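Below is one structure; the comments refer to it alone.
Readers should treat all values here as calculations from the given coordinates under stated rules, not as data from a laboratory. Remember, predicted model here, so these are calculated numbers, not experimental data. So basically every Cβ, Gly included, is an ideal-geometry build from the backbone, and we count neighbours across all protein chains shown.
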């Protein structure tokens, strides 16, 4: 993974994650999706390093951009 990419941490079944991904796709914004429900290391990173207790989590150019989507998640 390139740290300069837009990284979106999601989990299976999350409606807020789906909405965010749809919005990014509709704006032709490229991103890398990482499903924390399928990747234990990513889940640990999001929780322990980023301090996020909900998804989606957006990391842009290696920096935490947001937790949740539209105030939810």
Residues of the stretch 16-26 being within 16 Å of residue 5 (Cβ to Cβ) and loosely packed, with under 15 Cβ neighbours inside 10 Å, which ones? 25
Do any strands (runs of 3 or more DSSP E) lying entirely in the chain carry at least 2 residues that are free of Cβ contacts under 8 Å to residues at least 12 places away in the same chain, and which ones are they? 63-67
